[in-house]
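Enquirer: Structure in structure tokens, see below.
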Amino acid sequence: MGDSQTWTAAPSAARQARSVLAAAWSCAVTAEACREEFVGAHRVTDDGRLLLAVPEDSSLRTAALCAPRGEPSAVLEFADVAPVPVRGRIRARLWLSGWFTPEGDELAFRPARVVLRRPSGPVVVDLAEFAEARPDPLAEAEARLLTHLADCDPDAVERLTRLVDPGSLHGAVRVQPLAVDRHGLTLRIERARTHGDVRLTFHRPADDLAQLTERVHALLAQAAGGCPRTLQRQRAHGDG
């Protein structure tokens with residue numbers, strides 16, 4: 001069963017890509033014939049540069065620095081994983097291809113191409129926009145917020161479903177919070193064999209946790225009033 005309607009008030013591809021980087025804890029790096037997984041090894045500077053801490057004897061360091069001049073030396077892959085257990089837990093994937101250069105004890109990565117794969121399909125992110133974008137202000141707190149909502153306040157999730165068009169809830173066996181950003185909250189509606197996502201937009205963006213709390217309370221108040229609102233719904237995709 002499809003859930004479709006035009007999205008509004010959603011993060012740009014560049015901001016979403018930067019948010020994935022900010023929240024991701026691990027990445028996979030492919031260079032030449034080697035592929036390595038790194039956990040807790042990357043960080044992003046204020047000016048958008050990505051730095052990766054790798055051992056001195058890492059085969060990645062050797063392969064990346066010995067790549068032919070003018071050719072991308074590595075591909076970095078990040079997965080945006082929903083913090084709440086849901087069907088199709090990968091919400092997006094981010095690929096960056098480019099060059100590594102040594103910077104102190106780390107490798108600095110300069111992207112030549114950035115591709116974000118969302119449920120709606122892959123998007124090539126403009127490099128200038130990627131460099132200038134900032135992560136969503138809630139990106140690093142999102143996991144804690146969603147797991148709290150799912151585990152400690154399931155009644156709130158149930159109340160929020162009152163804002164969902166009844167047709168989208170037909171056959172639903174479970175509803176879980178899937179994502180939150182400064183523009184809105186996304187719920188995943190799971191059915192016996194399919195799933196779909198419903199986005200509840202805030203009346204204005206939230207830039208910190210206090211504002212987010214107020215926005216969610218406003219949604220709950222609207223749900224208590226029994227007044228359906230316009231929703232943005234995304235067609236279900238198998239890998240989330």
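Enquirer: Given the structure, is Arg35 surrounded by fewer than 18 Cβ atoms within 10 Å (Cβ to Cβ), free of Cβ contacts under 8 Å to residues at least 60 places away in the same chain and more than 30 Å from Thr147 (Cβ to Cβ)?
Expert: Values: surrounded by fewer than 18 Cβ atoms within 10 Å (Cβ to Cβ): yes; free of Cβ contacts under 8 Å to residues at least 60 places away in the same chain: yes; more than 30 Å from Thr147 (Cβ to Cβ): yes.
Yes: the conditions hold for Arg35.
Enquirer: From the list Ala23, Ala28, pick out the single residue that is open to solvent by less than 10 Å² (accessible area, probe 1.4 Å) and in contact (Cβ under 8 Å) with a residue 40 or more places away in the chain.
Expert: None of the other options fit; the residue is Ala28.
Enquirer: Scan the range 61-80 for residues that are hydroxyl-bearing (Ser, Thr, Tyr) and either in contact with a Leu (Cβ under 9 Å, 6 or more places away or on another chain) or modelled with pLDDT of 80 or more (or both) and jot them down.
Expert: Correct list: Ser73 only.
Enquirer: Working carefully through the options Arg204, Arg134, find the one that is free of Cβ contacts under 8 Å to residues at least 40 places away in the same chain, open to solvent by 60 Å² or more (accessible area, probe 1.4 Å) and not acidic (Asp, Glu).
Expert: Among Arg204, Arg134, only Arg204 is free of Cβ contacts under 8 Å to residues at least 40 places away in the same chain, open to solvent by 60 Å² or more (accessible area, probe 1.4 Å) and not acidic (Asp, Glu).
Enquirer: Here's a follow-up. Take the residues in the range 95-126 that are over 13 Å from the mean Cα position of the chain (by Cα), modelled with pLDDT under 95 and not in a strand (DSSP E or B); name whichever of them is surrounded by the fewest Cβ atoms within 10 Å (Cβ to Cβ).
Expert: Within the range 95-126, the match that is surrounded by the fewest Cβ atoms within 10 Å (Cβ to Cβ) is Gly104.
Enquirer: For the range 140-168, give me each residue that is over 19 Å from Asp197 (Cα atoms), open to solvent by less than 60 Å² (accessible area, probe 1.4 Å) and either touching a helix residue (DSSP H, G or I) at 6+ places or on another chain (Cβ under 9 Å) or assigned to a helix (DSSP H, G or I) (or both).
Expert: Ala141
The values are calculated or read from the model by the stated rules, or taken from the named source; none is laboratory data. Small disclaimer: the values here were computed from a predicted structure and weren't measured. Note: ideal-geometry Cβ built from the backbone for every residue, glycine included; neighbour counts use all protein chains shown. With ligands, DNA and RNA removed, areas are computed over all heavy atoms of the protein, side chains included. Shrake-Rupley method; radii C 1.70, N 1.55, O 1.52, S 1.80 Å.
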